[in-house]
1. Filter the range 287-319 down to the residues that are part of a loop (DSSP other than H, G, I, E, B) and touching a strand residue (DSSP E or B) at 6+ places or on another chain (Cβ under 6 Å), then identify the one that is surrounded by the most Cβ atoms within 10 Å (Cβ to Cβ).
2. Filter the range 193-230 down to the residues that are outside any helix (DSSP H, G or I), modelled with pLDDT of 95 or more and touching a helix residue (DSSP H, G or I) at 6+ places or on another chain (Cβ under 6 Å) and list them by number.
3. Among the listed residues Lys294, Lys311, identify the single one that is among the basic types (Lys, Arg) and either farther than 19 Å from Phe144 by Cα or free of Cβ contacts under 8 Å to residues at least 24 places away in the same chain (or both).
4. Kindly provide the set of residues from the range 277-286 that are without any contact (Cβ under 8 Å) to a residue 40 or more places away in the chain and either assigned to a helix (DSSP H, G or I) or within 19 Å of Gly247 (Cα to Cα) (or both), ordered by number.
5. For Val79, which of the numbered conditions (1) farther than 14 Å from Ile211 by Cβ; (2) over 12 Å from the mean Cα position of the chain (by Cα); (3) surrounded by 24 or more Cβ atoms within 10 Å (Cβ to Cβ); (4) among the β-branched types (Val, Ile, Thr) fails to hold?
6. Exactly one condition in (1) of a type in the set (Val, Ile, Thr); (2) under 28 Å from Asp188 (Cα atoms); (3) buried (at least 18 other Cβ atoms within 10 Å of the Cβ) is false for Val49; which is it?
7. Taking into account only those residues within the range 229-259 that are under 19 Å from Phe190 (Cα atoms) and of a type in the set (Lys, Arg), which is surrounded by the fewest Cβ atoms within 10 Å (Cβ to Cβ)?
8. For the range 1-21, give me each residue that is hydrophobic (A, V, I, L, M, F, W, C) and under 17 Å from Thr61 (Cα atoms).
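The values are calculated or read from the model by the stated rules, or taken from the named source; none is laboratory data. Since the structure is predicted, the reported quantities are computational estimates derived from the model, not experimental observations. For neighbour counting, all protein chains shown are included, and Cβ atoms are generated from backbone atoms with ideal geometry for every residue, glycine included.
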Amino acid sequence: MSPSVAIVILNYNGSNYLQRFLPPVLASTYANKRVVVADNASIDDSIEVLQKEFPSVELITLDKNYGFAEGYNQALKQVTADYYVLLNSDVEVTPAWIEPIIELMESDSKIATCQPKILFYYEQHLFEYAGAAGGWIDHLGYPFSRGRVFDVCETDTGQYNNTAPIFWASGAAMFIRSEIFHEAGGFDGFFFAHMEEIDLCWRIQLMGYNIMCVPSSVVYHIGGGTLPKGNTRKVFLNFRNNLIMLGKNLPWNEKIWKFPLRIFLDALFAWKSLLSGFSESFIAVFKAHLAVFKWCISCKSNNKYTRVPMKKMQGVYRGSLIWQHFIKKKTRFSEIVKKNF
């Protein structure tokens with residue numbers, strides 16, 4: 001019998017997405033699957049829509065909005081399966097999107113996490129921001145993807161259609177072995193949202209497992225449904241969580257110089273935002289840095305694994321993404337990473 005797969009969708013006030021995107025999920029051709037919606041205390045009609053229109057979907061109701069990270073932690077305590085598929089509510093799947101990933105993971109027990117190729121729902125020739133064809137990171141901790149560098153998303157011409165090791169798998173459509181999710185401690189609930197999947201994948205690599213992208217599986221993501229681009233809360237979470245992720249996972253000999261350098265580079269961004277008339281972003285970065293200092297004092301880390309140099313990990317670009325993109329004006333992943341794409 002094929003391994004069991006639980007597709008778990010975390011929902012918050014997304015009844016319109018459930019009505020639009022649950023039918024393709026239910027029509028997925030993989031046989032041994034179950035579909036679960038974990039509701040993060042929605043105040044719209046999500047529960048009524050599920051009960052009336054999708055009675056076959058299992059429902060978990062959470063007592064408050066825990067955010068993405070802790071919401072999944074709470075929900076997955078109640079779900080048993082060989083594999084979890086963490087799927088955003090604003091993702092449209094294709095019929096056979098599950099099979100190629102499960103086939104690969106079944107062939108190699110060291111592969112703990114995978115993602116499909118993620119394209120933009122509204123312009124399906126473009127890669128989507130949240131993961132594209134697999135997540136990478138530079139040596140200072142700036143994430144990017146095969147197909148997306150900062151805010152520039154490439155046209156998909158098949159250039160990243162090879163199955164390849166990556167640093168992080170997108171939380172928009174993440175396949176993960178259930179036992180590895182729990183052994184790693186799940187997501188860091190303190191993150192609330194943003195960067196939590198990169199932090200988890202970093203810990204999984206420290207455990208000795210691999211992360212892969214399988215582009216023969218394709219999904220389409222709207223993106224920005226919960227916190228739209230430019231939202232000051234999103235700016236705060238991105239900057240705070242990225243620095244905390246570095247603080248948790250870097251070895252001390254790298255942390256001691258990378259952490260202050262990142263603070264400096266973040267400050268440059270903040271001042272540039274202020275001088276460009278975006279005072280809200282300036283304030284958000286300042287608040288993020290204050291939160292990071294408070295976190296450092298409280299030492300809220302759940303990383304129990306031995307840190308290793310970033311250069312020994314898969315999906316790490318050893319140069320500076322900032323330099324390549326903003327100084328040398330490179331906008332394509334393949335212009336920056338010359339190998340392994």
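1. Gly315
2. Across the range 193-230, the qualifying residues are Met195, Ile211, Val214, Ser216, Ser217.
3. Lys294
4. Within the range 277-286, Ser279, Phe282, Phe286 meet the criteria.
5. For Val79, the exception is condition (3).
6. (2)
7. Applying the filter and picking the extreme gives Arg233.
8. Within the range 1-21, Ala6, Ile7, Val8, Ile9, Leu10, Leu18 meet the criteria.
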